[in-house]
Amino acid sequence: MIFELCPTLSRDLIKREFLNTAAAFGVLVLLGFAAGMIFPDMAQQTLQNFAAQIEQLGLTDDVPQSQMMATLFFNNITASLLSMLYGLIPFLPLSALALGTNALMLGAFAAIYQQQGIGLGVYVLGVLPHGIFELSALILSCALGLLLCRTGTERILKKSDTPFFRRVLDCIRVFLTFSVPLLLVAALIETYVPPRDREREVRMAQTVPARQTVQNMTEGSPVSLILRFALPIFISQVFQQLYSTADAFIVGKYLGTNAFAAVSSSGTLIMLLTSLFIGTAMGAGVAISKYFGAGDYENVSRAIHTNLAFGIVSGTLLTLIGVFLTPTFLVWMNTDAQVMPQAVEYFRYYFLGVLATVLYNMCTSILNALGDSRRPLHYLIISSLVNIALDLLFIGAFRWGVWSAAVATVLSQGTSCVLCLIHLLKKGEVYTVTPRNIRFHAGMLGEIIRYGLPSGIQNCVIGLANVIVQSQINSFGMLAMAAYGAHCKIEGFAFLPITSFTMACTTFVGQNLGAKQYDRAKRGARFCIIIAVVMAELIGLCYYIWASQLISLFDSTPGVVALGVQQARTVALFYCLLAFSHSIAAVCRGAGRAVVPMMIMLSVWCVIRIIYIMLVVHFIGEIGYIYWAYPLTWAISSTIYLIYYLRSDWVHGFER
């Protein structure tokens, strides 16, 4: 019955995908068991991680059974849903990562039972009653995720004509029909029919100390710490991009090119208006990293509360500016007259909820500075999914106007903000927020502004330069606007891995310089710079090759695709220079030298870029030469950054 409502799926297809995924799961369980027997320390570490999850979920003996069942059900349904929705990211089969993690963990637990003489039979009997339902749901969810990832990849490569969003909706129907009931039954069995060895498993786990949710980056392997910190940030950034990209994509498909141009051109103006305040929040992140690395938790608390107070004030100010001055800003940007009414609608509704956006970024900077990049990921994934669902409901189903895309974004951003604040209000933690202490603490605001204002000005300068570029491109007409908007959306996704490592670099450098571990800070900085540059060039090469297919995902109008491809193939092979500039800027921010990237960006990415564009438009008047403003200014800034990095004493930035 369910498959009659899912035109892109069939019973045979789901059965084949499920069996293939189950076979892979079984092989990975065996590998986990073998690895646990060969490397018992690794198995014990796996058990320690499991104990931390039990501790964080509150699954203890004194918890009421009804609460335990609800916690188990919610946790498992969240994990399974994310395993499926990871498939929304093409080319990266992240659902396989979720599958492998669970399989290897089960195998490692089996190895511990065997090593302690308990026996595999006891382990299997303990897992089997609820596991047969829970694992079936997980395997089905991962199979759906892998199917979605393959579908999205084939659509981009034009190897399939299966409607991607139609398949997403069909996979959600299958998940709700099969996975949710299976997980409910598993939670009931695990709560009310607990076998004896499950109790032993919990006691074994509870004897292992739980992990802290914050991460001290002054101890352990720099490479491992940076990679573990950067991966959740990367996934977070992917879902962050889904906010604006989902708006643009769904608007373009349902409401036409004019509406798409109105939404896709929003990024530059929104960045300009929000970057000063959000960038200044980076100053709080640097201060928190420094004090956390030095073990000064009192100043950590003062920095957190001051940062939140700054966020409330700046978010309120942004709301007033955005709502009342939007038409003026759009006129300054030479927005096409056909696009203007819808653009005004979108911006005004967006800025009505910009306070939530600012506060979410403040909370994220706090958690990232303490080394916790996982929790913001969970909250952002939830809010991104809310955004997509509301877009499809408001625009796809109700056929409301472009303003409803902004409303969907505001509601989803409010969701992530509320979740972050609830976590920060948790008692007894380094980061605990007390509402009555949210104020501008004497001295701390000045320190945050000293570290953060240059970053805010830098982001604002970049935003201003991009607005000027956007205004010049707008003068070439609606097709040029749509092409530039599509390119910006793709470039936003393409550069996410690099952004993730630069954010990790700032936190790592800040904590280690706060602890006066100078050589360690240098090693981490070198690793971040090298990996960012290499990844950026590989991504740029892929974008250069598949530019046409990627641009046409947003707007298949031939003129839009041609202009988008022209810009992509002008800039993509120079992404290594952009990555290098961002990496050195991240090192400078982490060292408390945020004024250095501010001056470089102001002089090169703003002044030189604007002068170049004005001259090109005046004397040549061809859009292709405008695109060259980016690689030329990237090359100049990279040269200046290289000289500064090699010759300055940046490691002692906090001491001056």
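The values are calculated or read from the model by the stated rules, or taken from the named source; none is laboratory data. Just so you know, these numbers come straight off a predicted model, no measurement behind them. Virtual Cβ from ideal backbone geometry, glycine too; neighbours counted across all protein chains shown. For the accessible areas, the whole protein counts, side chains as well, though only heavy atoms, and no ligand, DNA or RNA atoms are used. Shrake-Rupley method; radii C 1.70, N 1.55, O 1.52, S 1.80 Å.
Here are some notes:
- Residues Asp170, Asp519, Asp649, Asp41 ordered from highest to lowest accessible area at a 1.4 Å probe: Asp41, Asp519, Asp649, Asp170.
- Within the accessible area of the chain (1.4 Å probe), percent carbon and sulfur: 66 percent
- When each of Lys15/Lys253; Lys159/Lys489; Lys158/Lys253 is checked by Cα-Cα distance, pairs over 27 Å: Lys15/Lys253
- Each other residue within a Cβ distance under 11 Å of Gly293 adds +1 if Lys or Arg and -1 if Asp or Glu, for a net charge of +1.
- Within straight-line cross-link reach of Lys290, lysines at Cα separation under 22 Å, skipping those fewer than 8 residues along the same chain: Lys516, Lys522
- Each Lys or Arg adds one and each Asp or Glu takes one away; over the other residues whose Cβ falls under 14 Å from the Cβ of Val616, this sums to 0.
- In order through segment 77-92: 3J(HN,Hα) via Karplus (6.51 cos²θ - 1.76 cosθ + 1.60), integer Hz, x for Gly, Pro: 6, 5, 4, 5, 5, 5, 4, 6, 6, 4, x, 5, 8, x, 6, 10
- Rolling a 1.4 Å probe across all protein chains gives Val509 an accessible area of roughly 0 Å².
- Theoretical gain in end-to-end length, Ser475 to Leu176 [0.36 nm per residue, Cα-Cα removed]: 102.8 nm
- FRET efficiency, 1/(1 + (r/R0)^6) with R0 45 Å, evaluated for Lys158 and Lys426 via beta carbons: 0.40
- Remark: the Cα gyration tensor places segment 435-535 in the oblate category, a/c being 1.5 or greater and a/b not exceeding b/c.
- Once both labels are positioned 7 Å from their Cα atoms along Cα-to-Cβ, the gap between Leu573 and Ile38 label points is 4.3 nm.
- Taken per residue, the accessible surface of the chain reaches 41 Å², heavy atoms only and a 1.4 Å probe.
- Hydrodynamic radius of segment 564-628 by the Kirkwood approach over all distinct alpha-carbon pairs: 13.5 Å.
- 3J(HN,Hα) couplings calculated from phi for segment 98-105 with the Karplus curve 6.51 cos²θ - 1.76 cosθ + 1.60 (θ = phi - 60°) are, in sequence order, 5, 4, x, 4, 5, 5, 5, 5 Hz; Gly and Pro show x.
- With an a/c value of 1.5 or above and a/b larger than b/c for the gyration tensor axes a ≥ b ≥ c computed over the alpha-carbon atoms, segment 352-444 is described as prolate.
- Take the chain and mark each of the chymotrypsin sites (Phe, Trp or Tyr not before Pro) that is in a DSSP loop with at most 12 other Cβ atoms within 10 Å; the longest unmarked stretch, sites excluded, is 92-397.
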